[in-house]
2 protein chains.
Amino acid sequence: MIDSDHLATPGKRFHIKKCKTDDTGRFKDKESAQPAIEKLRSKLWDLQERLYAEGKHSVLIVLQAMDAGGKDGAIDHVFHGVNPQGCSVTSFKVPSSLERSHDFLWRHHLAAPQRGMIGIHNRSHYEAVLIERVHNIAPRSVWKHRYEHINNFERILAEEGTLILKFFLHISKAEQKERLEARLADPQEHWKFNPGDLKERELWDDYMAAFEEAIDKTSTRHAPWYVIPADRKWYRNWAISDVIVRSMQRLNMKYPPAVEGLEKIVIK
Amino acid sequence: MIDSDHLATPGKRFHIKKCKTDDTGRFKDKESAQPAIEKLRSKLWDLQERLYAEGKHSVLIVLQAMDAGGKDGAIDHVFHGVNPQGCSVTSFKVPSSLERSHDFLWRHHLAAPQRGMIGIHNRSHYEAVLIERVHNIAPRSVWKHRYEHINNFERILAEEGTLILKFFLHISKAEQKERLEARLADPQEHWKFNPGDLKERELWDDYMAAFEEAIDKTSTRHAPWYVIPADRKWYRNWAISDVIVRSMQRLNMKYPPAVEGLEKIVIK
């Protein structure tokens, strides 16, 4: 676990109201952050190649947010230029009937990244304590046990070599309004507008309570949550990249040694 | 099917010996091709977004080559910057025991891209008429029927909305020697060197015969083969991108229309 202003410190009570949505850290504006973003991009490219070459660890990146919170944008920007061969994105939609006929972790375990790979989960097993809680899809008697199941599941992955990084992209309700209005205004963005999002928006406070409890109960040393101020897209991208790069550097990955006798090989 | 200098024209006898490995088309050198490569990159980004938004078609890209032929490099360069959320790479290795207990197309069908997605297959179902033929893993009585099975399989995908583009990255035996020697010389590339590749190299002529027959029998209007001169990496990248972009343009994809009543929506 690496330190960050945005870490939900394990073992410390988490208060979502204390988290700013418009923080930009040490940067004044997008332009001043650009060189740092570029530097992180090239580091991430290099780390991903080492991860793939070494084939020892995997990286699981969990992205959660309210609608229009920037999950899709973050994937496009943070992983822009990463070798697609080493990077796999799974977007979890409404579960299929096959998926629903299993326990809530089944489809997420199936999508866990192989060694050598970065697996990005756009929405995740946390929906089981977010939308399922807010909409009473699962009763309290069921979802209240899920935090512990989630912690145990993540511990299995972590102890077998997966670096787990969880990001809550935190926007304000006013920023969401602006983004939804922008989708309405731009014909090329109309396809992204889902009238269902408005119903979810009405449940904003319920979602904040659900996020608060989920982050409080599942931010652990082996699978920490980072609560990213996401009103400014460029800062969101920088902050996510920063955590990923510094966390992957800690893995201290090496290119595998040459097979024996390599120096004697002559190619005819 | 779009036209290209590198198309293995369906219905016309294919001769691998007539295909150059060091052609660079209308370009003098890498520098002169750079603006065209950049232009294709931005077109591909836009086409991929439309593909995803429309959710009607999928794109299956098959990459085959001799070892060091540039499959990995092509993926990294051609799809550099494409949104990883819309792009999924499957690398087919030695089949697992589960995979071997099914017919030869099973694992490839499982990995076929969903609507809206570009699926890149690094090696593919063609290994069943390449390595399995050359090494007698499958007897002639089995593999000789596979061309027809492959054509039927690809027709299913194509008729249900998949654009199929198959690329043979064609390098000379001398170029392969240089690339394998470069891997031996650079410690950071040692992990890519597999001594087994030398055994395959000895079977070069058998592989060329197997590629020739595979391309001859399975280059169809619904799933054409493009034989890409791949000695020059930059030309290979341009030529692949050119075929993908022009083929995807033909799909004439549109952003989906807005849901009804969008103009009346007010966000509170």
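By the helix-only formula, in which each DSSP H run with n ≥ 4 contributes -39500 (n - 2.57) and the sum is divided by residues, chain A has a 222 nm mean residue ellipticity of -13000 deg cm²/dmol. Each label point was placed 7 Å from the Cα along the Cα-to-Cβ direction; for residue B:189 and residue B:5 their separation is 2.6 nm.
Centre-to-centre separation between the Cα atoms of segment B:250-266 and those of segment B:206-221: 43 Å. Legend: Rg and Dmax of the protein assembly as shown, from Cα coordinates, 24.7, 75 Å.
Just flag the trypsin sites (Lys or Arg not before Pro) in segment B:1-66 sitting in loop per DSSP whose Cβ has no more than 10 other Cβ atoms within 10 Å.
On the way: sites: B:12, B:13, B:17, B:18, B:20, B:26, B:28, B:30, B:39, B:41, B:43, B:50, B:56; in loops: B:12, B:13, B:20, B:26, B:28, B:56.
For trypsin sites (Lys or Arg not before Pro) across segment B:1-66 that sit outside H, G, I, E and B with at most 10 neighbouring Cβ atoms in 10 Å, the list reads B:12, B:13, B:26, B:28.
Amide H contacts of residue B:130 (H built 1.01 Å from N, in plane; Pro and chain starts excluded): no residue 5 or more places away or on another chain comes under 5 Å. Comparing B:90, B:161, B:105 along the charge dipole axis of chain B, the residue lying farthest to the positive side is B:161, per the Cβ-charge model.
Which whole-number percentage describes the relative contact order of chain A, with Cα contacts under 8 Å and a sequence gap of 6 or more? Reported relative contact order: 36 percent. Model label sites at residue B:100 and residue B:262, defined 7 Å from Cα along the beta-carbon direction, differ in position by 5.3 nm. Shielding of peptide A:188-194 by partners, expressed as the average count of other chain Cβ atoms within 10 Å per residue Cβ, is 5. Under a model in which nothing but the beta-carbon of Lys, Arg (+1) and Asp, Glu (-1) is charged, segment B:95-144 shows a dipole of about 100 debye around its Cα centre. Relative to the longest principal axis of the Cα atoms of chain B, the long axis of helix B:146-159 lies at roughly 10 degrees. Plainly put, the tip 7 Å out from Cα toward Cβ on residue A:94 is 4.5 nm from that tip on each other copy, the closest given first. I'd like to know which of A:77, A:47, A:66 lies farthest towards the positive end of the charge dipole of segment A:31-99, counting +1 on Cβ of Lys and Arg and -1 on Cβ of Asp and Glu. Of the candidates, A:47 comes out farthest on the positive side. The simple spin-label model puts a point 7 Å past each Cα toward its Cβ; for residue B:141 and residue B:208 those points are separated by 3.2 nm.
Using only side-chain charges placed at the Cβ, +1 for Lys and Arg and -1 for Asp and Glu, the dipole size of segment B:30-252 relative to its Cα centre rounds to 380 debye.
For the protein assembly as shown, with only Lys/Arg (+1) and Asp/Glu (-1) charged at the beta-carbon, what is the dipole magnitude about the Cα centre, in debye rounded to 20? Present the calculation step by step, with values, prior to reporting the outcome.
Details: 84 positive and 76 negative charges, 12 e Å.
Dipole magnitude for the protein assembly as shown comes out near 60 debye.
Counted residue by residue at 0.36 nm each, then reduced by the alpha carbon distance between them, the extension gain from residue B:31 to residue B:80 reaches 15.8 nm. Amide H to amide H distances under 5 Å link residue B:87 with B:118, where only residues 5 or more positions off or on other chains count and H is placed in the peptide plane. Hey, what angle do you get for helix B:173-185 against the long axis of chain B, alpha-carbon based, 0 to 90 degrees rounded to 10? Helix B:173-185 sits at roughly 80 degrees to that axis.
Its convex hull of Cα atoms gives chain B a direction-averaged projected area, equal to a quarter of the hull surface, of 18.1 nm². Legend: mean number of C-beta atoms from other chains within 10 angstrom of residue C-beta atoms, peptide B:76-88, equals 6. Summing Lys and Arg as +1 and Asp and Glu as -1 over all other residues whose Cβ lies under 12 Å from the Cβ of residue A:148 gives a net charge of +3. Using the Cα gyration tensor of segment A:164-245, with a ≥ b ≥ c the square roots of its eigenvalues, what is the shape: rounded (a/c below 1.5), prolate (a/b larger than b/c) or oblate (neither)? In terms of gyration-tensor shape, oblate.
Find me the longest stretch of chain B that has none of the exposed GluC sites (Glu not before Pro), where exposed means in a DSSP loop (not H, G, I, E or B) with at most 11 other Cβ atoms within 10 Å. Provide the component values of the computation, followed by the final result.
Working: sites that count: B:160, B:260.
Between exposed loop sites, the widest span is B:1-159.
Entry for segment B:29-106 at q = 0.17, 0.20, 0.22, 0.25 Å⁻¹: log10 I(q)/I(0) = -0.88, -1.06, -1.15, -1.24, Debye formula applied to identical alpha-carbon scatterers, no solvent contribution.
At a Förster distance of 30 Å, what's the computed FRET efficiency of residue A:182 paired with residue B:221, Cβ-Cβ distance as r, to 0.05? Mind showing how you got there, number by number?
Numbers: r = 43 Å, r/R0 = 1.42.
In this case the efficiency is close to 0.10.
Only the coordinates and a few stated rules stand behind these numbers; no lab work does. Since the model is a prediction, treat every value here as computed from it, not as a measurement. We place every Cβ from the backbone using ideal geometry, glycine too, and count neighbours over all the protein chains shown.
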